[in-house]
Structures are given as C-alpha cells and as structure tokens.
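Quick note: the coordinates plus some simple rules give every number you see, no bench work behind them. Just so it is clear, the structure is predicted and the values come from calculations on it, not from any experiment. Here Cβ is always computed from backbone atoms with ideal geometry, including for glycine, and neighbour counts include all displayed protein chains.
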Amino acid sequence: MTGGRRYARVAQVSWDGFTRLPWRPVLVSFVVARLLIALGFVASHLVTGPVRRADLLGWDAAWYLDIAQHGYAGIAVEGRRFFPVLPGIARGLGWPLGGDLGAALVLQSNVAALGYALLVHRVALSAGFSRAVADRLPWIVALSPAGFVLVMGYAEGVFGILVCTVLLAVRSRRWWPVIVAGLVAGALRPTGIVLTLPILLEALRGVREAGAGERLRRATAVLAPAAGMAAYLVWSWRTFGDLLGPLTAQTVPGLRGGLTVNPLGTVAHGVSSLFAGDLREAAPLVHLCWVVAAVTVLVLARPVLPTSWWAFAVATVLLGMTARNFNSFERYAASAVPLLIGVAWLLQHRRLRRASMVVAPLAVVGYSFTTFLHAYIP
C-alpha cells in the first residue's frame, strides 16, 4: 500500500469513528441545556431593584479570569485556592482569540462540556451498561442541578474529561493515560486528589503477579494526582513562602469552613432556623434534598458499579457533604461520574424518567436564575 493510500485509509477510519460517536444525544442535550440556562439568565436580568447580578464570568470564573490576566501575584491571597491549569488553558486559547481571556474561558468550558458528554457515554458502555443508559448520560451531565456551570468559565468540563479518562484507562491497565490525566487533575483543582482512590484500588488488583516495570507504572499512576497538586503547592511555597496556602484558603468560614464540617450540625442549624423563620439560614436544607438523592443513588446503584468507581463517587459525595452548609454540593456531586451513571441506570424506570423530565429543566432554570441573580453560589 502506497503512502497516499495509507493516509487516505487512516483518514477514512478516523472519519468513520468520528461519525459513529453519539452525537445526537450529546448535541441535542447541549443545545437544550443552553436554552434553559439562557432563560434563567434573561429572567435574572428582568428583576428590578438594587440587586447584584453575575454573568458567564461570575463567581469562580471571575477568579480564573483574574489569574489568567494578572497572575497570582496580582490577585488577593484567597485567590490562590484556584489552581493553575484552567488559567493556563485560558491563556493558550486567548492568543488566537485576540487576547480575549474571558471569551477563552467560556469557550473552553463549552467545548470541554462536549468532550465530557462524549466520554461519559463511552465510560458507561465500557462498564457493560446498555446503549439506552449511555444515551441518557449526556442529558444528565447537561441538566444536572449544577449543569449550568458547563456554560460558565468553570473547570467542570475539563475535570469531567480527566475523570472519564482515568475511569476508562485504569480498568484496562493503560497506566500512561492515567498518569497524565491524574497529574493534570491534581493541578486543576484540589478535589483532583480524590482520583487517587480509584487508581489505588485498581492498581492493587493483580499487583503480586505484575513485573517490576508494571509495578512502577502502577505506583506512578497512584501518585500522579498528588504530584500534580504538589507541583502547585511547591511553586506557591517558593513564590510566596506559603506551602499550604492554596489548601488552607479553602477552609475559611466564608468558604468550606474547615477541612470537614459535621453535616449533622448543618442540618440541625438549618431546621432550627426554619422553625425560627430565618429562611436565609435555613437555605442549606435545599442542598439536603440533593444530598439525600445522591446517597440513595449510591446505595441502589452499588451492585452495578465497579468497586473502584463506586468508591470514587462515595468519596466525592462525602467531600461535598462535609462542606459548610453543603456549599456547592450539587457541583461536587456532578463531578462524581459513577454517581451520574447510577442515575442513568435508575432512570430505566418509566416513572422516574417522567419525573426527571419535569424536575431537571426546572432545576436548571432555577439554579441558573439564582446564580445569575447573585443569590446562589455555584
């Protein structure tokens, strides 16, 4: 076969593979989600009076934009809790966009959302779930309560791609993709370290029979998320003289409130505030609904999920539950890909599917509305 024919064959195979990707559920859910989010955005701007508003570069996205524009030396100390990968991506994309880093942040989020939806579909199929279950996953990713951040300048889409890469590669013993994805995840956000758990559980399987080279690759994969995080922490130490500053910045009362906060205390405070008529202090009870739903899914879906995947989902949900007032729980839970697969599996029941067709759009519009109205912290 000549070189020209070989390249033509490779191009044809690549194109055929591209066209066989699950584009229909991915693209339709992508468009529907953005229409619903646009509805929430417009509604928030129709509210009159002295209210604050946010846009696609609000909340965490504003910090990422400031870091991309000015570096860590040009922002407040509390901004160091935002890890460097996303600002780096924004800078890389900003160059062909004429230096518009805000547009770069929003672009990466939306493009990554497409990649995330495609990969999560593949993750479900790799675990033996049906095509129907896999086809529901792009919808669940797009219309989860925190799905609106996939439109904003957030790291969720990129993190979703990295999680899917690890879950896909680790069970088939492809350690190099796991190492690369783990390194990037650890330097992308603090929760990237949780990927150590599924990697460790899979690395321990058959380790006694593995050769020296295989054991080294497994050990490297296990350490990769911590190494990615450590790289940023060491840089922070060398630059600002503060090794753990990016982590301790997360624990102040206005944010996470500590490494772990007793969720029972949060519930008790919310209930007492509700009976006292203080609706603002009772707001965490709204998150509690999703906490209960997530725990229920984890219990029911345990028999159909690989152990390492389930352990990752449990750790991610616990991380969200132990934040002050369950802050950003919906966003934490949405990054637990096996949890989303469990939801897709449970939606095989017709009544649950019908209920989700009502609840999911309302949740997306409602959360988008309150976020852009500056009343909900995503």
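Observations
- Magnitude of the charge dipole, the chain, Cβ model with Lys/Arg +1 and Asp/Glu -1, debye to 20: 1280 debye
- Span-rule helices in the chain, defined as complete DSSP H runs reaching 27 Å or more along the axis (Cα) with Kyte mean at least 0.0: 23-46, 101-126, 212-240, 350-372
- Kirkwood Rh in Å, taken over all unlike Cα pairs in segment 167-243: 12.7 Å
- Within segment 16-95, the proportion of C-alpha pairs whose separation exceeds 19 Å stands at 60%.
- Applying the Karplus relation 6.51 cos²θ - 1.76 cosθ + 1.60 with θ = phi - 60° to segment 73-79 yields 3J(HN,Hα) values of 6, x, 10, 5, 4, 4, x Hz, where x marks Gly and Pro.
- Each residue in TRP95, TRP309, TRP235 was given a count of other beta-carbon atoms within 10 angstrom of its own, and listing them fewest first yields TRP95, TRP235, TRP309.
- Helical contribution to [θ] at 222 nm, DSSP H n ≥ 4, -39,500 (n - 2.57), averaged over the chain, rounded to 500: -22000 deg cm²/dmol
- Where the Cα pairs of the chain fall when distances are cut into 10 Å bins, in %: 5, 21, 33, 27, 11, 3, 1, 0, 0
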